Amino acid sequence: MAADGGTKAVIAALLANSGIALLKFLAFLLTGFSSMLAESIHSVADAGNQGLLLLGGKRARREASPEHPFGYGRERYIYAFIVAIVLFTVGGLFALYEAYHKYEEVHGGHSQSEGNWQWVPIAVLLGAIIMETLSFRTAIIESNKIRGGSSWASFVRRAKSPELPVILLEDLAALLGLVFALVGVSLSLLTDNGYWDVAGTAAIGVLLVVVAVVLALETKSLLLGEAASPDAQRRISAALLEVLGVERVIHMKTLHLGPEELLVVAKAGVARESTAADVARSIDDAERAIRKVEPVASVIYIEPDIYVEDHEPEPRPEPPAPAGH
């Protein structure tokens, strides 16, 4: 469900940003507002990012190979990290550069071009806000299907599927950027002061840099390898303890190989009197129990052991009987 919902949100955002980018760039050509150019590049970067997310999702579905025995699930994390880099450079840094460039023009006495097209950006920005709101609404609806009772901040931090958090943050940044552009362009037209356009462009740049840094930090954590959620770990541990022959979970570690692929490694305490057949049966039952409560557990390794308390001395072997007696 998470993968399907993420794909739907990505496609909705891709269609919205592609159309918005064309309208914004047309408005820039007609008026010369730097806020419109910054927002045009922002939408182009967003559309390219959505293409990267779709590509990452497709490549992640490749079958495991001898060189990559655990599959390619982490490709989705890699492409999400590239998205953060693109948003930082193409979106944020370009907007800041454009703000500086526009400031030099305004400070040098260059005035905004005049004509019948001066109010076109207002109509374009209002239309873009409506389209971005629809895209943002789709991302919210799809996220709510898997968010549960967690807060939005917690969902973005803990989600193992990168597409929905990325689209949520991108759409939020796009809406705020449109508001900044709208305020900057409107005040620039009303006051005939180009510095408002500069301020709007700079605000867009700072916003995109901040969002890109947040995305990079969250995706870095996924790339390094995150454990299953605390709830998932509790479900797995409980399932192990219900298996006949498993007396305790000595320790357990989990690692997400991808958003829908989980590695589970556990050491299970078994009875001293268990036979090899008993242990093998318990391990098979444990694997089935884990997959039942956590279907994304694609790779499971269970090591049977005999639990010994720290204060309990290890049993010592009896000394061999003297020879000849």
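Throw me the Rg/Rh for segment 230-305, computed over C-alpha atoms with Kirkwood Rh, two decimals. Mind showing how you got there, number by number?
Details: Rg = 11.8 Å, Rh = 12.3 Å.
My calculation puts Rg/Rh at 0.96.
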How much FRET efficiency would the formula 1/(1 + (r/R0)^6) give for E67 and L224, where r is the Cβ-Cβ distance and R0 is 22 Å, rounded to 0.05?
-> 0.55
For the chain, what does -39500 (n - 2.57) per DSSP helix run (n ≥ 4), summed and divided by total residues, give at 222 nm, in deg cm²/dmol to the nearest 500?
-> -22000 deg cm²/dmol
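Indicate, rounded to the nearest 5 percent, the antiparallel portion of the DSSP beta bridges found entirely in segment 242-304. If you can, show how the numbers build up before the last one.
Values: 10 of 17 bridges.
Restricted to segment 242-304, the bridges split so that about 60 percent are antiparallel.
So what's the net charge close to E63: Lys and Arg +1, Asp and Glu -1, counting the other residues with Cβ under 14 Å from its Cβ? Write down the numbers at each step before the final one.
On the way: positive: K58, R59, R61, R62; negative: E67, E75, E261.
Overall, the nearby charge balance is +1.
Sort L262, L168 by Cβ crowding within 10 Å, fewest neighbours at the top.
Details: L262 25, L168 21.
Listing L262, L168 from fewest to most nearby Cβ atoms yields L168, L262.
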Net charge contributed by nearby residues that have their C-beta within less than 13 Å of M131 (K/R +1, D/E -1) = -2
Sorting R288, R158 on the 10 Å Cβ count, fewest up front, what's the list?
-> R288, R158
Rounded Å value of the spacing that divides the Cα centres of segment 269-292 and segment 25-104 | 48
Would you please calculate the Kirkwood hydrodynamic radius of the chain over all C-alpha pairs and express it in Å, rounded to one decimal?
-> 22.9
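Anything in the chain that counts as a DSSP H helix reaching 30 Å or more along its axis (C-alpha) with Kyte-Doolittle mean of at least 0.0? List them, would you? The partial results should precede the final answer.
Values: long enough: 2-31 (42 Å, 1.39); 34-60 (38 Å, 0.24); 120-147 (40 Å, 1.02); 163-191 (41 Å, 1.93); 195-224 (43 Å, 1.78).
Membrane-span-like by this criterion, though nothing is claimed about a membrane: 2-31, 34-60, 120-147, 163-191, 195-224.
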The answer for the net charge of residues other than E218 whose Cβ lies under 12 angstrom from its Cβ, with Lys and Arg +1 and Asp and Glu -1, is +3
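In which sequence would T133, T201 go, from the one with the fewest C-beta neighbours within 10 Å to the one with the most?
Details: T133 15, T201 31.
Final ranking by Cβ density, sparse to dense: T133, T201.
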Using Cα centres only, tell me the gap between segment 157-218 and segment 231-252 in whole Å.
-> 46
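Laboratory data are not the source of any read-out in this text; all were calculated from the coordinates shown. All values reported here derive from a predicted model rather than from experimental measurement. Backbone-built Cβ (ideal geometry, glycine too); neighbour counts: all protein chains shown.
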